[in-house]
Every structure is written in structure tokens, then in C-alpha cells.
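The values are calculated or read from the model by the stated rules, or taken from the named source; none is laboratory data. The model shown is predicted, which means the values in this text are computed figures rather than measured ones. Quick reminder, even Gly has a Cβ in these numbers, built from the backbone with ideal geometry, and neighbours come from all protein chains shown. Heavy atoms of the whole protein, side chains included, go into the accessibility calculation; ligands, DNA and RNA do not. Shrake-Rupley method; radii C 1.70, N 1.55, O 1.52, S 1.80 Å.
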Amino acid sequence: MTPVPSSLFPYLLRLADDRLVLGHRLSEWCGHGPILEEDIALANVSLDLIGEATLLLKRAGEVEGRGRNEDALAYFRDSADYRNALMVELPKGDFGFTIVRQLFFSLFSLLQMDALTKSSDADLAGIAAKAVKESRYHVRHSAEWVVTLGDGTEESHARTQRAVDELWRYTGELFMADAIDREMSDAGLGVNPETLAERWNAEVGKTLERATLTIPKVGYMQRGGREGKHTEHLGHMLAEMQIVARSHPGASW
Amino acid sequence: MTKPPDEASGPPADSQWPLWEVFLQPPKGEAHEHAGSVHAVSAEHALQNARDVYARRGEAVSIWVVPSAEITASTPEDMGPFFDPGNDKPYRHPQFYKVPRGVRVF
């Protein structure tokens with residue numbers, strides 16, 4: 001058996017943390033959705049993401065081999081040890097902001113997970129196959145909303161455009177590759193995110209055009225999450241997410 | 001999309017979105033059955049909401065959504081003339097046939 005490359009663990013953390021953090025951000029809508037049906041829809045998407053993160057963290061724990069399970073990795077790492085992209089940790093904002101972010105991330109996730117179904121790590125390939133199905137629905141849900149809001153009233157258009165303007169500078173990080181990505185890609189275990197950018201841009205461009213929204217000119221793309229350099233928002237979010245598990249270590253329910 | 005006419009008149013009431021009736025076809029291939037209703041701003045949103053509310057655990061292989069306003073329904077006052085089985089016209093009821101042996105459910 002060939003040894004597992006040491007970069008598989010941090011690679012799995014990146015995949016898991018994107019979904020765990022975004023899943024938690026979405027869960028903040030529970031009970032606050034604009035209408036009951038949408039409240040349920042957002043909670044469903046949130047649960048899909050947290051479910052994907054659970055499986056990825058479990059696999060990451062096995063690969064690491066130091067006895068950390070998915071709960072240990074989710075609840076007992078500090079923000080500097082999280083490897084999610086900055087986009088997913090930003091506060092949930094208004095419904096327009098949330099739904100534009102969902103479109104941006106879901107489309108990225110669909111392309112990424114589709115490629116990962118061919119991973120030589122059988123566990124990761126299996127998780128990806130499940131995530132592809134879910135992501136396809138997430139894209140459909142968010143795209144329909146972006147078009148409805150963008151091509152809606154003056155106010156919904158303005159808010160959605162503002163969300164696109166604010167979020168665009170965080171999209172670049174999703175497609176930046178470093179040594180870990182390249183090693184994973186070369187080993188047939190992962191996918192180099194640079195290879196996903198073209199299709200993502202084409203798909204997002206089409207949806208934004210239908211929504212009468214425009215892509216802003218941004219000179220600089222934010223980055224840092226993949227190396228653990230986060231915005232202040234992540235720490236606050238994790239404090240809330242982790243408080244119960246940390247106050248009662250080992251508790252079960 | 002056009003602007004709602006009452007946009008300036010304050011926050012929207014919480015059930016401003018149109019209502020849609022949801023029909024699910026069970027996996028066994030039977031006819032679509034009424035499952036309930038959802039609020040939605042368009043047919044596509046109604047389909048997605050119906051999926052999230054009524055068909056997330058494999059309950060259906062097909063969903064229909066129909067604007068509730070498009071349904072013409074009988075009223076309670078129709079009870080008599082509409083549904084009176086006409087018991088004074090016994091020839092309307094298939095009760096003069098002998099049920100063949102072997103037919104258990106009739």
C-alpha cells in the first residue's frame with residue numbers, strides 16, 4: 001500500500017471547513033427566513049452542508065491517525081486552525097447576500113465535488129458522489145432566487161447587486177492553488193481548483209446576466225483562509241458554535 | 001417582473017405570496033395525490049418549496065404544483081344537488097349483478 005501523502009489531511013480540512021462554516025452560517029436563518037417555506041429550504045441546505053462536513057472531517061481524522069474524530073475536529077480547533085475560504089465565514093447579511101453567496105459557493109462545490117468523484121481515495125470519492133447530488137439542488141435553488149431578486153423590484157435588484165459587489169472579491173480565493181492542491185491533484189486524490197475557474201465564471205456569468213446583475217471590477221482578491229488567516233467574524237462564529245461542546249466535553253445526547 | 005402596485009404602502013403582509021397546491025406521485029406509480037400547499041413567487045419556486053416541504057424523504061417521484069386560485073371547487077351549498085346519489089333511481093347503482101366467485105374485493 002502506498003503511504004498517504006501528508007497533504008491529504010489539510011486538503012480534507014479545507015473541503016470540510018468550507019461546508020461546516022457555511023452550513024453554520026446558513027443555520028443562523030433557522031426561524032428567521034423570509035417565509036416558512038424558505039426557512040425550511042435554507043435549513044435543508046444547511047443540514048446537507050453540515051452532513052458533508054461531518055463525513056469529510058471523519059475521513060480527515062482517520063487520515064491524520066491521531067484519534068481525533070469529526071466532533072473533536074469541529075469543536076476543538078480554534079479559528080487559526082480552520083482552513084475554510086474567507087467567503088463562507090462572512091456574516092449572513094440580508095437574504096440577498098446569503099443567496100448570492102449560496103450561488104457562488106454551490107456552483108464551486110458542484111464543480112469541485114464532481115471532479116472529486118474520481119478521487120483515488122475511495123472514501124472521498126463516495127462523499128463527493130453524495131455531495132454532487134446535493135450541490136446540484138443547491139445551485140438550482142440559489143440560481144432561481146438570484147434571478148428572481150436581481151430581475152425583481154428596484155430594491156431587490158439593488159440589494160442583490162450590492163451582495164455581488166461585496167462578495168466578488170472573495171471569489172478568487174476559491175480557485176487559488178498552492179502546493180497542497182497541486183500535490184493532491186498530481187496524486188489523483190484531489191482536484192486543482194484553478195481548473196474549475198473557467199466553467200464557474202461561465203455559469204455564474206450566465207445566471208447574473210439572466211438576473212440583470214453585473215460583475216464588478218475588482219483589482220484585488222481577498223485571501224488567507226486556506227492558511228488559517230481569517231476575518232474577525234470566524235472567531236465569533238466558532239465561539240457560538242463550539243460553546244456547548246467545550247463547556248461539557250465528552251457529553252452525549 | 002413588474003413592481004407590485006402597493007410597494008409604497010409599507011411592509012408586506014406575511015402571506016403576500018401566492019398559494020400553490022401540491023400534488024405528489026408516490027414511488028409506486030399511482031396517481032398524483034394532493035399533499036398540501038405552499039407559498040411561492042413563481043412556479044419554479046413553488047416546485048422547489050414543495051420538494052423541501054413534502055418530498056424530501058423519497059415520498060415522491062413526481063410533483064405537480066397548481067396555483068390555488070386556478071382551482072374551481074364545489075361549495076358546501078352544492079352538497080344536495082351535486083352529490084345526492086339519487087337513491088330513488090336504483091338503476092344507477094350496479095347492484096343487480098351477481099358478483100362472480102373468486103372476486104374478493106368489490
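A few notes on this one:
- Computed [θ] at 222 nm, deg cm²/dmol, the protein assembly as shown (DSSP H ≥ 4; -39,500 (n - 2.57); rounded to nearest 500): -16500 deg cm²/dmol
- Amide H contacts under 5 Å for B:SER37: B:VAL22, restricted to partners 5 or more places along the chain or on a different chain, H placed in the peptide plane at 1.01 Å from N.
- Residue-wise HN-Hα coupling along the range A:23-38, computed from phi with Karplus coefficients 6.51, -1.76, 1.60 (Hz; x: Gly, Pro): x, 5, 4, 5, 5, 5, 7, 4, x, 10, x, x, 7, 3, 4, 6
- Across the range A:215-221, coupling constants 3J(HN,Hα) worked out from phi with the 6.51/-1.76/1.60 Karplus curve, θ = phi - 60°, read 7, x, 7, 10, x, 10, 9 Hz, and Gly and Pro carry x.
- Neighbouring partner chain Cβ atoms per residue of A:37-49, average, 10 Å criterion: 3
- Here B:ARG101 and B:ALA31 are evaluated by their C-beta separation; at R0 = 25 Å the FRET efficiency comes out at 0.25.
- On Cα atoms only, tilt of A:95-116 relative to the major axis of chain A in degrees: 40
- Against the main long axis of the alpha-carbon atoms of chain A, helix A:197-210 sits at an angle near 30°.
- Taking Cβ atoms as reference points and 10 Å as the exclusive limit, the residues near A:VAL45 contribute a net charge of -3, counting Lys and Arg as +1 and Asp and Glu as -1.
- Label-point separation in nm, A:GLU232 to A:ALA72, each point 7 Å along Cα→Cβ: 3.4
- Full extension of the chain segment joining A:TYR220 with A:ASN201 gains 5.2 nm, where the gain is 0.36 nm per residue of separation less the Cα-Cα distance.
- A:GLU198, A:GLU232, reordered so the largest accessible area comes first (probe 1.4 Å): A:GLU198, A:GLU232
- Coupling constants for the range B:88-100 follow from the phi torsions by the Karplus curve (6.51 cos²θ - 1.76 cosθ + 1.60, θ = phi - 60°), and in residue order they are 7, 10, x, 5, 6, 9, x, 10, 9, 9, 7, 7, x Hz; glycine and proline get x.
- Shielding value for A:141-149 is 3, the average number of Cβ atoms from other chains within 10 Å of each residue's Cβ.
- Taking a sphere under 12 Å around the Cβ of A:SER185 and counting the other residues whose Cβ falls inside, with K and R at +1 and D and E at -1, yields a net charge of -3.
- Over all other residues within a Cβ to Cβ distance under 12 Å of B:HIS45, the charged ones net out to -3, with Lys and Arg as +1 and Asp and Glu as -1.
- Relative contact order (percent, whole number), the range A:27-186, Cα cutoff 8 Å, 6+ residue spacing: 20
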